[in-house]
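Here the structure is laid out as structure tokens; the discussion comes afterwards.
Just so you know, all these numbers are worked out from the coordinates, no wet-lab data involved. Just so you know, these numbers come straight off a predicted model, no measurement behind them. Ideal geometry is used to build each Cβ from the backbone, glycine not excepted, and the neighbour counts take in all protein chains shown.
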Amino acid sequence: MKSNWPRYVVPVVVFAAALLLWEWRVHALGISPLILATPSDIWTALIAHWDVLQPALLFTLKITAEAFVLASVAGVALAVLFSQSRIVEYALYPFAVVLQVTPVVAIAPLLLIWIGYDNVNEVLVVLAWIIAFFTVLSNALTGLKSADHNLIDLLKLYGASRWQILWRVQLPSALPFILTGMKISGGLALIGAVTAEFVAGSGNDLGLGWVITLSTRNLDTAQAFAALALLSILGIAILFALTVVEWALLHRWHESAVKREG
């Protein structure tokens with residue numbers, strides 16, 4: 001049985017070495033802290049400005065979670081609808097593509113007008129949802145269409161209904177695709193939440209995106225990097241949580257998650 005310790009130790013060692021190299025190079029080259037903060041400066045800023053960063057982190061997490069849930073539910077629901085009716089797919093799928101390729105920077109001002117400047121948080125959720133939605137839809141639809149057609153024909157031969165075929169064959173077949181789409185969508189929802197803050201503001205609350213904007217305006221590079229560090233940690237946590245969910249749902253039966261020896 002192979003040991004898994006290199007999988008965890010090697011990244012930690014490389015990351016620590018990168019931080020030490022970063023710290024040394026900044027001091028050795030005499031780079032101004034206004035241009036590039038050192039890891040020690042970032043840690044100091046993280047502690048000193050935690051009263052600002054902590055609520056900003058929670059705000060960004062809230063926007064990300066809401067957008068992710070909406071993207072997952074809407075993506076899977078539409079994929080199921082498309083898989084059951086080609087006419088509906090032909091009619092609506094192009095609109096989903098248009099929504100995906102439209103830059104949020106271009107539609108943020110319109111959403112602010114339509115939804116209202118008093119509801120900026122809702123605008124942020126919608127913008128983050130737009131960025132995260134299509135990945136779930138496309139992966140779920142591919143999974144539903146990848147079900148064993150011979151097995152579907154057999155169930156039809158025995159008189160199974162559309163709902164029974166969907167529940168017994170198509171959804172289990174699509175589950176790995178759906179979970180993969182959700183893993184990607186989780187990161188995209190975070191990116192969307194921060195991007196939305198850059199282009200639409202954040203109302204009366206401060207998210208990490210807006211903290212970065214204010215910090216760079218004030219030439220507080222260390223605080224900006226501290227907010228970036230929190231975003232990275234949050235992104236890793238989201239990916240890890242969704243990976244655990246994927247493993248819990250697939251490890252007993254699907255080839256992608258079944259553990260093998262050797």
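General remarks:
- Sequence ranges 163-171, 97-105, ranked by mean other-Cβ count within 10 angstrom, highest first: 163-171, 97-105
- Spatially near lysine pairs across the chain, Cα under 24 Å, sequence gap of 8 or more or different chains: 5
- Ranking of THR135, THR38 by count of other Cβ atoms within 10 Å, fewest first: THR38, THR135
- Distance in nm between pseudo-label sites at ASN218 and ALA106 (7 Å out along the Cβ direction from Cα): 3.6
- Rounded to the nearest whole Hz, the Karplus-based 3J(HN,Hα) values (6.51 cos²θ - 1.76 cosθ + 1.60, θ = phi - 60°) of the range 71-79 follow the sequence 5, 5, 5, 5, x, 5, 4, 5, 4, with x at glycine and proline.
- The range 50-65 - phi-based ³J(HN,Hα) in whole Hz, Karplus 6.51/-1.76/1.60, Gly and Pro as x: 4, 5, 8, 6, 5, x, 5, 4, 5, 5, 5, 4, 4, 4, 4, 5
- Sequence-ordered 3J(HN,Hα) estimates for the range 208-214 from the Karplus curve with 6.51, -1.76 and 1.60 and θ = phi - 60° stand at 5, x, 6, 4, 4, 4, 5 Hz, glycine and proline given as x.
- Per-peptide average of other Cβ atoms within 10 Å, ordering 6-14, 219-227 highest first: 219-227, 6-14
- Taking all pairs of distinct alpha-carbon atoms in the range 57-157, Kirkwood radius in angstrom: 15.2
- The chain: C-alpha gyration tensor shape, a/c 1.5 cut-off, then a/b vs b/c: oblate
- Relative exposure of TYR158, TYR93, TYR117, judged by other C-beta atoms within 10 Å (fewest first): TYR158, TYR117, TYR93
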